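J.: Take a look at the following structure, please.
The values are calculated or read from the model by the stated rules, or taken from the named source; none is laboratory data. For clarity, every value in this text was computed on a predicted model and none was experimentally measured. Methodologically, a virtual Cβ is constructed for each residue, glycine included, from the backbone with ideal geometry; neighbour enumeration extends over all protein chains shown.
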Amino acid sequence: MNKVSERINRLAESATLAMARMSRELKALGKDVIALSLGEPDFNTPEFIKDAAKNAINNNFSHYTPVAGLDELRISISEKFKRDNNLEYTKDQIVVSTGAKQSLANVCLSLLNPSDEVLLPCPYWVSYSEIIKLAEGIPVEIPSSVKNNFKITASQIEEAITEKTKMFMFSSPCNPSGSVYTENELRDIAKVFEKHPNIFIVSDEIYEHINFTDEHFSIGRIDSIKERVITVNGVSKGFAMTGWRVGFIGAPLWIAKACNKIQGQVTSATCAVAQKATEEAMKSDPKSSTSHMKDSFLKRRDLLLSELNNIEGIKTNIPDGAFYIFPDVSYYFGKSDGETIISNANDLCMYLLNNCYVALVSGAPFGNPECVRISYAASEEKLLEASKRIKNQLANLK
Ligand code: PMP
Ligand code: GLU
């Protein structure tokens, strides 16, 4: 018997996690899988952060904390927002959650009513559309392509706005395209929202510290709209802390209070020990504590780009941040190796996984079905081997 709710039936499984699961299953069967599917740094959490967690355990930080997070952590986040982003959020405007994923869910559940529309610049992170649907909102895609560096324009946003538009949600640096919106581009976008005072802007800045342009601009800095901006961030990516499960928002007080209320009913605060570790991460100078990872990501990006550019039919942009490349692979659609016909990016990903054991993620759940996502959070050796396998395998498609 299966009587799951309609809500669950409407929800797609996370495509990134599904691909990670399939590669683990193949690995368990003894296959030599190179998994470039999951967006998670392959670095270890820096020692000074681990030491803070060890001290927290020794000092018996084993109790519930306030739902929105420890005061000292929220103060350190408030100072981080000021220091790194020039954003003014008081401690009470900050809510710490079990990963930025929960932060995004809290925000959507706090703001969306049934049938409210949420504008999503394509490509967007896979969970945005599903979290929006869970909150009974309607995701509205704004298209982009490799030709324009996967960025949308202010006028595209203007055209997509209807009287039902409640929210605009985006990430910069972007998962999956790696594109970074410049200050000028964000100022142009803000001008559109100045004309539409009922629209909220969710700015997901979780890849802030993996930005090769060194210019991270937070849209929440723009005075004319800042009362409607929710800034989402976390430690998973920049500080290599995916498993610690800490994300946070800075938001107008009434939104922070609403998120606190939901979280108080469904999870309470995140892990006390992880909060103490995050406090140290927040107090550190990100330039020195995270730059070794950024430098490696940049080297790997260049390596993978040059390998991909040697493969027939693959079109790439030059990603300015995060650790993904999002090539257009539509050249292969309609081709076959005599047995398997490749009709779309899902087929292509399954073809590569089953035949040469390289796991990528289809661009379809990110809103760009002509693309695939490759995570280069892997060693140079693995990236070279994966590129070789992909090139050889695709050469069979005619
Ligand atoms: N936003 C984006 C754009 C992401 O890629 C991720 C990846 N996990 C998240 C939010 C959520 O991160 P976490 O829940 O690990 O903090
Ligand atoms: N955000 C990462 C990704 O895009 C981690 C997996 C997930 O949470 O979906 O792969």
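J.: For region 355-381, how many residues meet the condition of being of a type in the set (Ser, Thr, Tyr) and more than 19 Å from residue 123 (Cα to Cα)? First the steps, then the outcome.
T.: Going through region 355-381, the residues of a type in the set (Ser, Thr, Tyr) turn out to be 357, 362, 375-376, 379.
With the extra rule that they be more than 19 Å from residue 123 (Cα to Cα), the set shrinks to 357, 379.
Final tally of qualifying residues: 2.
So that you can scan it fast, the table gives a plain yes or no per residue for (1) out of contact with any Phe, Trp or Tyr (no Cβ under 6 Å at 6 or more places or on another chain); (2) closer than 30 Å to residue 217 by Cβ:
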{"position": "321", "(1), (2)": "no, yes"}
{"position": "367", "(1), (2)": "no, yes"}
{"position": "370", "(1), (2)": "yes, yes"}
{"position": "386", "(1), (2)": "yes, no"}
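J.: Then there is this: Of all residues being crowded, with 24+ Cβ neighbours inside 10 Å and more than 9 Å from ligand 1 (Cβ to nearest atom) in region 230-243, which is nearest to residue 274 (Cα to Cα)? Just the residue, please.
T.: 239
J.: Continuing with the same structure: When the residues of region 90-106 are narrowed to those that are of a type in the set (Val, Ile, Thr) and closer than 14 Å to residue 266 by Cβ, which ends up nearest to ligand 2 (Cβ to nearest atom)?
T.: For region 90-106, the residue satisfying everything is 98.
Conditions tested, residue by residue: (1) part of a loop (DSSP other than H, G, I, E, B); (2) modelled with pLDDT under 95; (3) within 16 Å of ligand 2 (Cβ to nearest atom).
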residue: 202; (1), (2), (3): no, no, yes
residue: 208; (1), (2), (3): yes, no, yes
residue: 217; (1), (2), (3): yes, no, no
residue: 224; (1), (2), (3): yes, no, no
residue: 232; (1), (2), (3): no, no, yes
residue: 269; (1), (2), (3): yes, no, no
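J.: Can you find even one residue in region 366-379 that is within 30 Å of residue 30 (Cβ to Cβ), in a strand (DSSP E or B) and of a type in the set (Phe, Trp, Tyr)? Walk me through how you get there before you give the answer.
T.: Quick first cut of region 366-379, residues within 30 Å of residue 30 (Cβ to Cβ) only: 372-379.
Those left that are additionally in a strand (DSSP E or B): 372-375.
In the following step, the residues that additionally are of a type in the set (Phe, Trp, Tyr) were identified as none.
Looking for residues that are within 30 Å of residue 30 (Cβ to Cβ), in a strand (DSSP E or B) and of a type in the set (Phe, Trp, Tyr), one finds none in region 366-379, hence no.
Quick grid of which residues meet (1) over 30 Å from residue 271 (Cβ atoms); (2) modelled with pLDDT of 95 or more; (3) within 14 Å of ligand 1 (Cβ to nearest atom):
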site	(1), (2), (3)
111	no, yes, no
115	yes, yes, no
118	no, yes, no
139	yes, yes, no
142	yes, yes, no
165	yes, yes, no
171	no, yes, yes
179	yes, yes, yes
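J.: Here's a follow-up. Hey, can you tell me all the residues within region 31-74 that are of a type in the set (Val, Ile, Thr) and closer than 30 Å to residue 372 by Cβ? Break it down into steps so the answer makes sense when it comes.
T.: So the first thing to find is which residues in region 31-74 are of a type in the set (Val, Ile, Thr), and the list is 33-34, 45, 49, 57, 65, 67.
Scanning region 31-74 gives 33, 34, 45.
J.: Right, next: Tell me which residues, restricted to region 157-184, are assigned to a helix (DSSP H, G or I), out of contact with any helix residue (DSSP H, G or I) (no Cβ under 6 Å at 6 or more places or on another chain) and surrounded by fewer than 18 Cβ atoms within 10 Å (Cβ to Cβ). Walk me through how you get there before you give the answer.
T.: Residues of region 157-184 that are assigned to a helix (DSSP H, G or I), as a first pass: 157-160, 183-184.
Within this subset, residues satisfying the condition of being out of contact with any helix residue (DSSP H, G or I) (no Cβ under 6 Å at 6 or more places or on another chain) are 159-160, 183-184.
Residues satisfying the conditions are 159, 183, 184.
J.: Next question, about the same structure. Give the residue, chosen from 354, 392, that is among the polar types (S, T, N, Q) and modelled with pLDDT under 95. I'd like the intermediate steps shown before the answer.
T.: Working: 392 fails: modelled with pLDDT under 95.
Checking each option against the conditions leaves just 354.
J.: Can you run down the residue pairs with Cβ atoms below 7 Å, 6 or more apart or on separate chains, where the first is in region 262-275 and farther than 10 Å from residue 67 by Cα and touching a residue at least 40 places away in the same chain (Cβ under 8 Å) and the partner is aliphatic (A, V, I, L, M) and assigned to a loop (DSSP other than H, G, I, E, B)?
T.: 274/246; 275/70; 275/246
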